[in-house]
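Below: the structure, in structure tokens.
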Amino acid sequence: MASQQARQFLDRMHESVWQGMGLVPRPRSTEDDAVTERLIDELLRMRTGLVSPEQLDELRAGLHENEKHLRAMTVSKYENARTLQGLHKMADSVERAGRALGFPVPQRPLLGTLPTGRVNVMTMLVPGTGEHLVLFESEFSGFAYLSAKAVAEVLPFRRTPEGGAAFELEAGKVRERLARHPESARRFGELVRAYLETGVPYNAPQYLQDPVRNTWAQMLCDSVQLFALGHEYGHILKGHLGQQRPAAGLGGPREADPEELAWSNQEEIEADAQGLSLSVAAGQSRGHDLPIGFLGADFYFTMTHVLERAISVLRHGHENVSADATTHPPSVLRRMILRHVLSRQRTPQVDAAIGLGENMEQVVEMLWRDLRPRLVDAYRAGVRPLQRWQD
Ligand SMILES: [Zn+2]
């Protein structure tokens, strides 16, 4: 359990960051409850006919039960109960997987969110203690979900005789679908821009998705987040010390400037390998197979690389990614090393997993080629990313 001191520290940091952005948290309203009810109805409607009536009843009961639980949760006014619940469920899976693999699983760090301006996750120390805080960028999980949804929209799939679905990531097939459905590439671009220009990926125009695509997207999103969290557990498990440095751009409570932990390249690479084994095992316990588990990690870097380039184009008019080599080796290098680590086990499943990652990289490159000129135009028209995004 995280200490009271850690919670108070995070709360004060939230307060100062929100104030710095000129924002105050909006309390939950009855309108939010009504929106949730409508979404549950919509979700059940989309599943009708795909699952048995009993399964549908079970799903309905489960969703309502969860809503009740969420409303009863006491969380800081700066946190979203649903996001926090998701993080803790993931931590349960990662910790269980770690114990099953025989790792000395540490006490759970304080998990939270903050508009950090880092496109993923950062680790901080509670001042004057050795206690870790693992902070996800506030909209990280929303972005993980919507980007998985956006790529699921781009991929052709066919029904298998067993009643499942096989997604096609081969470049030629994807290109054909993109030519027939140019709106799917446009949606991807709208998502990236909404995230970088407003900080809120859900500000991009929303759309309904076929349940088969959506199930796959949710699995991919789950894998991305498990890897992001598994990576942070990797640092703690490996006993990495990192280097404390002022957390740029976060302001922070006046009595103690927040410090973040900056890891060496070697530490990042070790945490990636550790995070991969944790997240794949955690994913398997949630019913995901190894390829989708690996794809989550691979896609995490692929999307990070898109965001880094998009920030650069919107800010400078060109993609000159000056990745700060002292904290994070460029995402492309880490992705390459991750594939290399996995390729040491020569099994057909591993080969399939790596192939999936490589194909996804090509698919996302197609989307990037569509988006890049739009970003250049936006830059020329004076559009800039939010100040807080670090490039
Ligand atoms: Zn790291």
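The values are calculated or read from the model by the stated rules, or taken from the named source; none is laboratory data. In this text the structure is predicted, and so the values were computed from the model without any measurement. Cβ sites come from the backbone with ideal geometry, for glycine too, and all protein chains shown count toward neighbours. For accessibility, only protein heavy atoms count, side chains too; no ligands or nucleic acids. Shrake-Rupley method; radii C 1.70, N 1.55, O 1.52, S 1.80 Å.
Annotation: T198 fulfils all but one of (1) under 24 Å from the mean Cα position of the chain (by Cα); (2) of a type outside the set (F, W, Y); (3) modelled with pLDDT under 90; the unmet one is (3). In summary, L59 fulfils each of the numbered conditions (1) modelled with pLDDT under 85; (2) surrounded by 12 or more Cβ atoms within 10 Å (Cβ to Cβ) with the single exception of condition (1). For segment 149-176, a residue qualifies if it is buried (at least 18 other Cβ atoms within 10 Å of the Cβ) and assigned to a helix (DSSP H, G or I), and the qualifying residues are K149, A150, V151, A152, E153, V154, V174. Taking the stated definitions as given, is T116 more than 22 Å from Q218 (Cα to Cα) and among the β-branched types (V, I, T)? Criteria met by T116.
Among the residues of segment 57-112, those that are assigned to a loop (DSSP other than H, G, I, E, B), of a type in the set (S, T, N, Q) and more than 20 Å from the chain's Cα centre (by Cα) comprise T74, S76, Q107. Among the residues making up segment 339-391, those that are open to solvent by less than 40 Å² (accessible area, probe 1.4 Å) and free of Cβ contacts under 8 Å to residues at least 60 places away in the same chain are R339, S343, G355. For segment 72-101, filtered to residues that are free of Cβ contacts under 8 Å to residues at least 24 places away in the same chain and either open to solvent by 90 Å² or more (accessible area, probe 1.4 Å) or touching a helix residue (DSSP H, G or I) at 6+ places or on another chain (Cβ under 7 Å) (or both), the residue that is farthest from G142 (Cα to Cα) is R99. Condition first: among the basic types (K, R), under 26 Å from the mean Cα position of the chain (by Cα) and open to solvent by 90 Å² or more (accessible area, probe 1.4 Å). Now tell me which residues in segment 13-56 satisfy that. Matches in segment 13-56: R26, R28, R38. Can you work out which of the residues in segment 186-240 that are within 16 Å of the ligand (Cβ to nearest atom) and in a loop (DSSP other than H, G, I, E, B) is nearest to M122 (Cα to Cα)? Among those that are within 16 Å of the ligand (Cβ to nearest atom) and in a loop (DSSP other than H, G, I, E, B), it is H240.
Out of H318, H328, one residue alone is more than 26 Å from W216 (Cα to Cα) and either modelled with pLDDT of 95 or more or within 19 Å of the chain's Cα centre (by Cα) (or both). It is H328.
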